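Participant: Questions regarding the structure given below will be posed in turn.
The values are calculated or read from the model by the stated rules, or taken from the named source; none is laboratory data. Note that the structure is predicted; figures quoted are calculated from it, not measured. Here the Cβ positions follow ideal geometry from the backbone for every residue, glycine too, while neighbour counts run over all protein chains shown. SASA here: full protein model, heavy atoms, side chains in, ligands and nucleic acids out. Shrake-Rupley method; radii C 1.70, N 1.55, O 1.52, S 1.80 Å.
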Amino acid sequence: MRMSFTVRSAGRKPGRRLVRSGIVLGATALLAFGAAGQSWASTPTLNWTTGAPTPVTTLKLPMSVDSAPDAAGVYFAYYTTLESGTRPYAGFQPEPVDANGHHTLQAVFSSFNADATTTDSHCTYGADGGAGVSCAVRFTYTPGTMYSLVLKRAGVSGDTQLMSGDVVVTGTGASVAHIGSFGLPAASGRFKSADQGFIEPYLTAGCGQQVKVTYGKPVGSEAGTDYTGSLPAVTDPASGSCLSTTSTDTGQGRQVTVRGNAAAAAARR
């Protein structure tokens, strides 16, 4: 996936920017996904469900990063599909430490819909080299702590619906950071209750990394009712990827160890 994101610092205060509690890191910078990486035929895939019987207005997608290099390279992504079929993406990426030596994650929320619009300072136009909107924010994190992506169909005004993305601490609901927001046609609708995702080495460096994460149970909310799904399942492709995974269930969720194969990446150069 070749995407570009403008990462905002906590010091600026534009009108629609909502930096919540927690520390959002880094000076404004443009990050190009995959620009220095490989194009892999396939990646490990994720299947997840909220167990809801209908589409939902809000999704909570929990994950902890238990151990990871303090470096960019691997994207833990969720697909989401709206009722119209358009598919926003969201996910987490380990990043280098900040100036104070703290671990950082980047949270991402993006749409490839050509009709997407935004006035959110965390977002820029363009996604994967084409039309759409891409939003991102960096924040400090504690390894082993579960954080949830909170994705919402936040409201409808006329022929536009507002989609918002935030990060919270899963166990307490405490706000961590605002990822971004964008408008889509109102007919886009709500989130489907189950979908997929992927684990991608968006930089060549990702093929040499080992990362351990834990997926929690997704939650979907509709009409005041919360629905909690089963633990997501990760499946490796038969071929075409420099990453492989192993999974084990713990008290916190499904822990997935991702191992890179740097030799496979080098052979493709």
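Participant: Any idea how many residues of segment 223-260 are among the small types (Gly, Ala, Ser) and in a strand (DSSP E or B)?
Facilitator: Here the count works out to 4.
Participant: Among the residues of segment 64-91, count how many are open to solvent by 30 Å² or more (accessible area, probe 1.4 Å) and among the polar types (S, T, N, Q).
Facilitator: The qualifying residues number 2.
Participant: Please work out if Ala238 is open to solvent by 50 Å² or more (accessible area, probe 1.4 Å), more than 26 Å from Glu95 (Cβ to Cβ) and hydrophobic (A, V, I, L, M, F, W, C).
Facilitator: For Ala238, the condition - open to solvent by 50 Å² or more (accessible area, probe 1.4 Å), more than 26 Å from Glu95 (Cβ to Cβ) and hydrophobic (A, V, I, L, M, F, W, C) - is met.
Participant: Take the conditions at pLDDT 95 or above, open to solvent by 40 Å² or more (accessible area, probe 1.4 Å) and closer than 16 Å to Glu200 by Cβ and apply them to Ser244. Does it pass?
Facilitator: yes
Participant: Take the residues in segment 211-235 that are buried (at least 19 other Cβ atoms within 10 Å of the Cβ) and hydroxyl-bearing (Ser, Thr, Tyr); name whichever of them is farthest from Asp70 (Cα to Cα).
Facilitator: The residue in question is Tyr215.
Participant: I would also like to ask the following. Given the options Gly171, Gly158, Gly165, Gly183, name the one that is at pLDDT 95 or above, more than 17 Å from the chain's Cα centre (by Cα) and within 13 Å of Cys123 (Cα to Cα).
Facilitator: Being at pLDDT 95 or above, more than 17 Å from the chain's Cα centre (by Cα) and within 13 Å of Cys123 (Cα to Cα) holds for just one of Gly171, Gly158, Gly165, Gly183, which is Gly183.
Participant: So which strands (runs of 3 or more DSSP E) stay within segment 56-163 end to end and still have 2 or more residues that are among the basic types (Lys, Arg) and over 18 Å from Gln209 (Cβ atoms)?
Facilitator: Ranges flagged: 146-157.
Participant: For segment 99-120, name all the residues that are of a type outside the set (S, T, N, Q), closer than 17 Å to Arg138 by Cα and open to solvent by 30 Å² or more (accessible area, probe 1.4 Å).
Facilitator: Those that are of a type outside the set (S, T, N, Q), closer than 17 Å to Arg138 by Cα and open to solvent by 30 Å² or more (accessible area, probe 1.4 Å): Ala99, Gly101, His102, His103.
Participant: List, please: which pairs have Cβ atoms under 6 Å, are six or more places apart or on different chains, and start with a residue in segment 125-138 that is closer than 25 Å to Val168 by Cβ and of a type in the set (Ser, Thr, Tyr) and end with one that is part of a strand (DSSP E or B) and at pLDDT below 90?
Facilitator: If the second residue must be part of a strand (DSSP E or B) and at pLDDT below 90, the pairs left are Ser134/Phe5; Ser134/Ala127.
Participant: Can you tell me which residue is nearest to Ala263 (Cα to Cα) among those in segment 202-222 that are in a strand (DSSP E or B) and charged (D, E, K, R)?
Facilitator: My answer is Lys212.
Participant: Let me spell it out: the conditions are (1) open to solvent by 50 Å² or more (accessible area, probe 1.4 Å); (2) under 23 Å from Thr81 (Cβ atoms), and Thr142 meets all of them except one. Which number is the exception?
Facilitator: Only one criterion in (1) open to solvent by 50 Å² or more (accessible area, probe 1.4 Å); (2) under 23 Å from Thr81 (Cβ atoms) is unmet by Thr142, namely (2).
Participant: May I pose another question? Does segment 202-210 include one or more residues that are of a type outside the set (Asp, Glu), modelled with pLDDT under 95, buried (at least 20 other Cβ atoms within 10 Å of the Cβ) and within 14 Å of the chain's Cα centre (by Cα)?
Facilitator: Yes, segment 202-210 contains a residue that is of a type outside the set (Asp, Glu), modelled with pLDDT under 95, buried (at least 20 other Cβ atoms within 10 Å of the Cβ) and within 14 Å of the chain's Cα centre (by Cα).
Participant: Checking Val24 against (1) at pLDDT 95 or above; (2) buried (at least 21 other Cβ atoms within 10 Å of the Cβ), which test does it fail?
Facilitator: Among (1) at pLDDT 95 or above; (2) buried (at least 21 other Cβ atoms within 10 Å of the Cβ), Val24 violates only (1).
Participant: So, of the residues in segment 187-201 that are open to solvent by 10 Å² or more (accessible area, probe 1.4 Å) and in a loop (DSSP other than H, G, I, E, B), which turns out to be nearest to Met163 (Cα to Cα)?
Facilitator: Per the stated criteria, the residue is Arg190.
Participant: Among the residues of segment 164-174, write down those that are in a loop (DSSP other than H, G, I, E, B) and crowded, with 20+ Cβ neighbours inside 10 Å.
Facilitator: To start, the set of residues in segment 164-174 that are in a loop (DSSP other than H, G, I, E, B) comprises 170-174.
Listed by number, the list holds a single entry, Thr170.
Participant: May I ask you to list pairs of residues, at least six apart or on different chains, whose Cβ atoms are under 6 Å apart, with the first in segment 54-76 being over 30 Å from Thr204 (Cα atoms) and the second being outside any loop (DSSP other than H, G, I, E, B) and open to solvent by 40 Å² or more (accessible area, probe 1.4 Å)?
Facilitator: The qualifying pairs are Thr57/Arg153; Thr58/Lys152.
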